[in-house]
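Following: one structure in structure tokens, then a few remarks.
Nothing in this text is a laboratory measurement; each read-out follows from the coordinates by a stated rule. It should be emphasised that the depicted structure is a prediction, and the values quoted were computed from it without experimental measurement.
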Amino acid sequence: MSKTDCAAEIFNSSALHLDVVDEFIAIAQSKLNGATSEFTRDSLTDLLAGLTEQRETYRAVLATVQPVTALAA
């Protein structure tokens with residue numbers, strides 16, 4: 001696998017993972033907004049903290065791995 005192919009795989013995978021994490025964050029936030037139990041609210045807040053950290057990791061990967069069009073130039 002060439003460097004360009006590898007970079008494209010990393011970029012595409014990271015972008016997809018970021019989309020999934022963003023969707024999961026939106027669902028968890030929605031559930032948190034409707035939660036009445038303090039335990040549930042604390043649990044969802046912890047989950048959101050972890051998801052937010054993951055989102056930042058994927059954003060960092062996307063910032064360092066250029067899309068294929070930039071690498072092919």
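Coupling constants for segment 32-40 follow from the phi torsions by the Karplus curve (6.51 cos²θ - 1.76 cosθ + 1.60, θ = phi - 60°), and in residue order they are 4, 4, x, 6, 10, 7, 4, 4, 5 Hz; glycine and proline get x. For segment 1-56, the equivalent ellipsoid derived from the Cα gyration tensor has semi-axes of 33, 9, 5 Å, listed largest first. Sequence-ordered 3J(HN,Hα) estimates for segment 2-11 from the Karplus curve with 6.51, -1.76 and 1.60 and θ = phi - 60° stand at 6, 4, 5, 5, 5, 4, 5, 4, 5, 4 Hz, glycine and proline given as x. Return a whole-number percent for the relative contact order of the chain, with Cα pairs under 8 Å and 6 or more residues apart as the contact set. Once divided by the residue count of the chain, the mean separation gives 54 percent.
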